[in-house]
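I have placed the structure first, in the form of structure tokens, so that the comments after it can refer back to it.
The values are calculated or read from the model by the stated rules, or taken from the named source; none is laboratory data. Worth saying up front: this structure is predicted, and the values here are computed from it rather than measured. All Cβ positions, even for glycine, are placed from backbone atoms using ideal geometry, and neighbour counts span all protein chains on display. Surface areas here come from the heavy atoms of the whole protein model, side chains and all, with no ligands, DNA or RNA. Shrake-Rupley method; radii C 1.70, N 1.55, O 1.52, S 1.80 Å.
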Amino acid sequence: MTQDTTTLAFQTRGRGLLDITQPVRRWVEARAQRTGLLTLFVRHTSASLLVQENADPQVQADLERFFARLVPDGDRLFEHTQEGPDDMPAHVRAALTQTQLSIPLLDGRLALGTWQGVYLWEHRLRPHRREVVLHLLGE
Amino acid sequence: MTQDTTTLAFQTRGRGLLDITQPVRRWVEARAQRTGLLTLFVRHTSASLLVQENADPQVQADLERFFARLVPDGDRLFEHTQEGPDDMPAHVRAALTQTQLSIPLLDGRLALGTWQGVYLWEHRLRPHRREVVLHLLGE
Amino acid sequence: MTQDTTTLAFQTRGRGLLDITQPVRRWVEARAQRTGLLTLFVRHTSASLLVQENADPQVQADLERFFARLVPDGDRLFEHTQEGPDDMPAHVRAALTQTQLSIPLLDGRLALGTWQGVYLWEHRLRPHRREVVLHLLGE
């Protein structure tokens with residue numbers, strides 16, 4: 001059994017879901033393991049990781065709309081405002097979703113279901129450079 | 001150290017929590033490892049995994065009620081409606097909970113607390129067949 | 001490759017975030033692994049684990065305020081009330097956050113970003129003793 005790690009950097013386009021399934025899959029498949037466990041970890045507190053439907057883009061738009069209503073920018077509840085009206089909402093959205101994901105590897109492929117994609121969720125309004133650490137255990 | 005994987009299929013009874021602690025524990029204990037790490041991964045975007053209280057069934061009913069109020073079926077916010085009024089809420093509920101869980105194995109047993117059970121949470125109203133991939137690292 | 005496990009116990013001060021980064025880091029670094037994967041698992045259903053900003057304490061206060069508004073104590077929606085008005089909200093808060101976290105180890109250090117800390121989130125009003133199981137895979 002071996003371990004492998006890398007850090008992938010992504011440039012987001014501002015708030016929204018960025019599909020990172022292909023670059024993640026490429027790195028995993030280049031390791032040529034049959035069975036294993038991939039862990040993704042995002043090194044930020046205003047972005048998160050999500051497994052979601054990859055078929056209808058309306059799903060992603062609806063997710064955004066729901067979270068925008070649930071955690072409104074500029075909510076007067078928040079005192080941490082010096083980094084902008086979208087910063088504290090970004091932290092809350094990160095707390096409500098995931099900083100880390102692990103996905104088993106079966107027969108050399110990630111065990112994602114047919115409709116599952118892996119997304120990096122940017123919660124800030126502006127584009128950011130985000131780092132995702134990958135750890136693969138396999139054989 | 002070795003790895004083992006399997007895929008368990010569950011027939012849900014429609015929306016609600018399905019206790020999968022026993023089948024998961026059975027599979028893990030049959031592997032006869034002393035120390036390790038179990039990872040569960042659900043291959044769907046409208047169901048999720050949850051560790052929750054296994055004592056009072058009212059806790060599960062209250063969880064359902066809370067999520068039904070937080071993410072109402074048929075909410076006019078949603079544009080992705082062609083799969084039914086409970087489909088987009090199911091995706092949101094999945095985003096708010098977990099697609100994956102990892103649980104350490106200590107002295108040959110899952111490290112669950114006394115009151116912790118492992119649940120598969122069906123978010124669609126109708127029954128579905130759901131697959132959960134298990135990956136066990138152990139020795 | 002080796003595995004190591006331990007259980008850390010923390011005394012919380014009642015509802016709020018308890019920074020556990022240092023004790024976790026100390027245990028990990030004493031294992032002297034270069035590359036690996038740390039998994040933390042909380043053995044309770046009314047507390048959770050969170051990676052969040054460690055810079056401005058207002059972020060933590062705002063997180064608390066947001067969750068107190070989202071899941072109000074004593075909400076009439078809840079039937080599970082015999083353990084107190086903050087018990088069912090604690091279960092909901094745990095369902096909305098994480099029971100488990102995994103963090104890769106790179107060059108002998110946890111791959112946390114500059115502003116990331118690891119927190120144990122007590123959701124009950126009163127102080128509790130909480131157990132967090134740590135599992136480290138490494139070499």
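Quick one: among B:GLU83, B:GLU53, B:GLU122, which has the greatest mean-square fluctuation in a GNM of chain B with alpha-carbon springs under 10 angstrom? Comparing B:GLU83, B:GLU53, B:GLU122 in the GNM, the peak value goes to B:GLU83.
The accessible area of C:LEU37, taken with all protein chains in place and a 1.4 Å probe, comes to roughly 10 Å². Computed from backbone phi, the HN-Hα couplings of region B:43-57 come to 8, 9, 10, 10, 8, 8, 10, 8, 9, 8, 4, 10, 8, 9, x Hz, rounded to whole numbers (Karplus: 6.51 cos²θ - 1.76 cosθ + 1.60, θ = phi - 60°; Gly and Pro given as x).
Among the protein heavy atoms, those of B:THR99 account for about 10 Å² of accessible surface (1.4 Å probe, every chain in place).
Result for chain C in a Gaussian network model with C-alpha springs under 10 Å: among C:ALA32, C:ALA90, C:ALA47, the largest mean-square fluctuation is at C:ALA32.
Plainly put, the tip 7 Å out from Cα toward Cβ on A:ARG129 is 4.8, 4.8 nm from that tip on each other copy, the closest given first. Whole-Hz Karplus values for region C:108-117 come out as x, 10, 4, 7, 5, x, 3, 9, 9, x Hz, taken residue by residue from phi with 6.51 cos²θ - 1.76 cosθ + 1.60 and θ = phi - 60°; glycine and proline positions read x. Farthest towards the positive end of the charge dipole of region C:2-138, among the residues C:SER102, C:GLY74, C:LEU136, is the Cα of C:LEU136, using unit charges on the Cβ of Lys, Arg, Asp and Glu.
Taken one residue at a time, the phi angles of region C:60-65 give Karplus couplings (6.51, -1.76, 1.60, θ = phi - 60°) of 5, 5, 5, 4, 4, 4 Hz. Gly and Pro are set to x.
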